[in-house]
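Each value in this text was obtained by applying a stated rule to the coordinates, not by laboratory testing. Since we're looking at a predicted model, the values are computed, not measured. Note: ideal-geometry Cβ built from the backbone for every residue, glycine included; neighbour counts use all protein chains shown.
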Amino acid sequence: MENAFLPEKAKGRYGGSCFPKDTKALAEIGKAMGANVTLIEQTIQANENQKMKMVEKIKEKMGDLTGKTIGILGLTFKPSTDDMRDASSLVILPELVKRGAKIKAFDPQGEKESRWRLKDIESSLEYCDDEYKAVEACDACVILTEWNQFRSLNLKKIKELMHADYFFDFRNIYERKLVEGLGFVYDCVGR
């Protein structure tokens, strides 16, 4: 049943640093007390599966990722923070690298924390000074965090800078018609 009390933007979302941590703690407490917490455990697993679905969406559209460069916009779990606990980038970036991709990334505040959290893939990860450098000569642009500056990207400039034309808007910032009208191959979440 759809929750009519949630704002449209929040429907179908689960994330941040506290809610996942709290549900995991609740599941552990339930197990320790011998309580049936399968609903909570299934919710936790469904949230983790969503991150892998984003990787599959990219692979499905782009095919073999070997040797392709993907520009990532946003590393933190939400805008206006450097916090990366439970950020989707911690799952998505290593999976893309595992499939042969090179990553260029920009986050207004998350680079410092990202450098130690993603140190295992540092040889395949280049940090950039801004969103336009992050997509330059890339095969795809992927928005993972809805920073305000990503809401007003110069999409024509991005199209000119990119090597190929894949645009993955995993925060549903842009309208499909607008992005496809500029010649991008567009994908998003849930619409």
Taking 7 Å along the Cα-to-C-beta vector as the label spot, tell me the residue 115-residue 90 distance in nanometres, rounded to one decimal. 1.9 nm
Non-local amide H neighbours of residue 127 (under 5 Å, H modeled in plane, Pro and chain starts lacking H): which ones? 105
Between the range 136-159 and the range 161-180, what is the separation of their alpha carbon centroids in Å? 8 Å
Separation between the residue 78 and residue 56 pseudo-spin-labels, each 7 Å from Cα along Cα→Cβ, expressed in nm? 2.8 nm
